[in-house]
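The values are calculated or read from the model by the stated rules, or taken from the named source; none is laboratory data. Not measured: the values here are computed from a predicted model. Cβ sites come from the backbone with ideal geometry, for glycine too, and all protein chains shown count toward neighbours. All accessible areas refer to the heavy atoms of the entire protein, side chains included, with ligands and DNA or RNA removed. Shrake-Rupley method; radii C 1.70, N 1.55, O 1.52, S 1.80 Å.
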Amino acid sequence: EVKCTDVVQAYIKRIEEINPFVNAVVKDRFDAALQEAHHVDKLLSEGHGDEDSLQEKFPFLGVPFTVKEAFALHGMPNTSGLVSRRNLISTSDALVVSRLKQAGAIPLGVTNCSELCMWYESSNNVYGRTNNPYDLQRIVGGSSGGEGCVLGAACSVIGVGSDIGGSIRMPAFFNGIFGHKPTTGVVPNDGQFPNALGVRTEFLCTGPMCRYAEDLEPMLRVMAGPGVRKLKLDEKVSLEKVKFYCMEHDGGSVFVSPVDREILQAQRKVVERLETQFGVQVQHVTIHKMKYAFQIWSAMMSSRDSDGQEAQLFTDLLGDHGKPVWPLWELMKWFLGISLHTIPAIALALTEKLMKLNPGGNAKLVSMGHSLRTEMMNLLGTDGMLLYPSHPIVAPKHHSPLGMPFNFAYTAVFNVLGLPVTQCPLGLSSEGLPLGIQVVAGPHNDHLTLAMARYLEKAFGGWVCPGKS
């Protein structure tokens, strides 16, 4: 109905208008994108194949997309916010990026993340800080925060994110969009920095982020490639036949903020709607081990894999194959204003050192994590879904996560459990900030959470353009 060049030009114009305020796109490839759009228009005007065959071969023909800067995109930087990598330019594409390009999608550029993708505010010493499009004084989340922002601000159609502790779902929640963490091991993680090694390969997930729920499934199909066979995406979902479970909070962890009243109200409206519309009984459950979500995630992240290989140290990643980083020395340099690293990265490196001092306690927590996984899988089976808050509070002000560093436990616990989770927007709070909910299913039942995302979008309106409130 419209020319591809017009679509791409419209998104370029939008980025040029909005990016000075939000600082989400850290490097663009607008000239190349317009050239690629021109090729799409030429292909269509010359009548190469009918619409059905083009749809099958190029399901995303001419669709603009953006990529988290931690992924390799040919000709673009791939620093992950690390100063020592600031001159590094990718000479190839990450596998998921390559698959989207082969499906016809056109990359517009790369988006900001937190330093080494291990914090939930997207700010670093290479590109600076990204601001929330609903309120510039607030965070976009991390580590796929630039991606969440660029989509929430309507500067892109679809985006590539990755998630080891909520890095797709927190930005999706804070920026009012959809984000899906697939079942572990379905979408390849190749071509991102840092990539997971050892036990962390079981926790890191690459997945789709978008404004509209209907885009999640086709994106997942393309990104997963042959791995999509492990999922049941062709199965029709009847929500009236699903067993729904609900938890309103983690049980009261001392490390985590209480859940905001408006987030609870939004979740209760979902429960009410399901019960009224489908005649189902949403069962409220108390899973006691969820109270220890942060401790379980931390212990499992630093545990050995089945071959006895130790997890890669964050201090080694900070050094990026060069000299190891000494966290206390970096902290002193930071106070003097001469450290190349952000305070969250230094704090994480210090925490990692402390974790090593209690191997016995860690082993107990790892065991608790395995037991929680079994409990959750038994509860959900192949036809169950859990409704759970995406985060205890709406998008916080800049820097405030330093005072509540463990709130990401609400998303992180599902990484170590290996379960598919979709974050779905549920309108805006009284302050005009996005609300949302996580929908969780058993392994390889991503089709359930994606169907639920489509339903919730129809029922609650989905993405709301910033500035409408």
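Descriptive notes on the structure:
- When a 1.4 Å probe is rolled over the protein heavy atoms, the share of accessible surface on the stretch 228-310 that falls to carbon and sulfur comes to 46 percent.
- Ligands, DNA and RNA are left out, and with a 1.4 angstrom probe the accessible area of the chain is 41 Å² per residue.
- FRET efficiency, 1/(1 + (r/R0)^6) with R0 35 Å, evaluated for Asn378 and Met404 via beta carbons: 0.65
- Among Pro188, Met377, Asn175 - extreme Cα towards positive end, dipole of the chain, charges at beta-carbon: Met377
- Virtual spin-label span in nm between His48 and Gln137, 7 Å along Cα→Cβ: 5.2
- In this structure, the amide hydrogen of Val26, modeled 1.01 Å from its nitrogen in the peptide plane, lies closer than 5 angstrom to those of Val110, Thr111, Asn112, counting only residues at least 5 positions away or on a different chain.
- Gained length - His39 relative to Val2, 0.36 nm times residue gap less alpha-carbon distance: 11.9 nm
- Label-to-label distance, Lys57 versus Lys269, with points set 7 angstrom from Cα along the beta-carbon direction: 4.6 nm.
- For the stretch 188-194, putting each phi into the Karplus relation 6.51 cos²θ - 1.76 cosθ + 1.60 with θ = phi - 60° gives couplings of x, 9, 3, x, 10, 10, x Hz, in residue order, rounded to whole numbers and with x for Gly and Pro.
- Dipole check for the chain: with +1 at the C-beta of Lys and Arg, -1 at the C-beta of Asp and Glu, and the Cα centre as origin, the magnitude is about 980 Debye.
- Each residue, Arg261 and Leu88, gets one label point 7 Å from its Cα in the Cβ direction; the gap between the two is 4.7 nm.
- Here the dipole of the stretch 314-469 is about 220 debye; that uses its Cα centre as origin and unit charges on the Cβ of Lys and Arg (positive) and Asp and Glu (negative).
- Within the stretch 215-293, the trypsin sites (Lys or Arg not before Pro) that combine a DSSP coil assignment with at most 16 other C-beta atoms in a 10 angstrom radius are Lys232, Lys236.
- The stretch between Met332 and Lys13 holds 110.5 nm of extra length on full extension. This uses 0.36 nm per residue minus the Cα-Cα distance.
- Estimated [θ] at 222 nm from DSSP helical runs (n ≥ 4, -39500 (n - 2.57)) normalised by residues in the chain, nearest 500: -11500 deg cm²/dmol
- Normalised by 2.2 N^0.38 Å, with N the number of residues, the alpha-carbon radius of gyration of the chain equals 0.93.
- Under Karplus coefficients 6.51, -1.76 and 1.60, residue-wise ³J(HN,Hα) of the stretch 161-178 in Hz, glycine/proline x: x, 9, 8, 10, x, x, 5, 9, 6, 5, x, 4, 5, 5, 10, x, 10, 9
- Links that overshoot a 21 Å alpha carbon limit, given the list Lys232/Lys291; Lys3/Lys458; Lys68/Lys101: Lys232/Lys291; Lys3/Lys458
- For Gly427, distant residues with modelled amide H under 5 Å away: Leu435, Gly462
- On the beta carbon distance between Thr286 and Leu197, with R0 = 35 Å, the FRET formula returns roughly 0.50.
- The phi torsions of the stretch 102-114, fed into the Karplus equation with coefficients 6.51, -1.76 and 1.60 and a -60° offset, translate into couplings of 5, 7, x, 6, 10, x, 8, x, 10, 10, 5, 9, 7 Hz, rounded to whole numbers, with Gly and Pro shown as x.
- The stretch 1-98, accessible surface, carbon-and-sulfur percent (1.4 angstrom probe): 51
- Under 5 Å between amide hydrogens, built in the peptide plane, is the criterion, and for Cys246 it picks out Gln283, His284, Val285, Leu387 among residues at least 5 positions away or on other chains.
- Dipole magnitude (debye, nearest 20) for the stretch 339-412, charges at Cβ of Lys, Arg, Asp, Glu: 260
- Applying 1/(1 + (r/R0)^6) with r as the Cβ-Cβ distance of Lys230 and Ala459 and R0 = 45 angstrom yields a FRET efficiency of 0.95.
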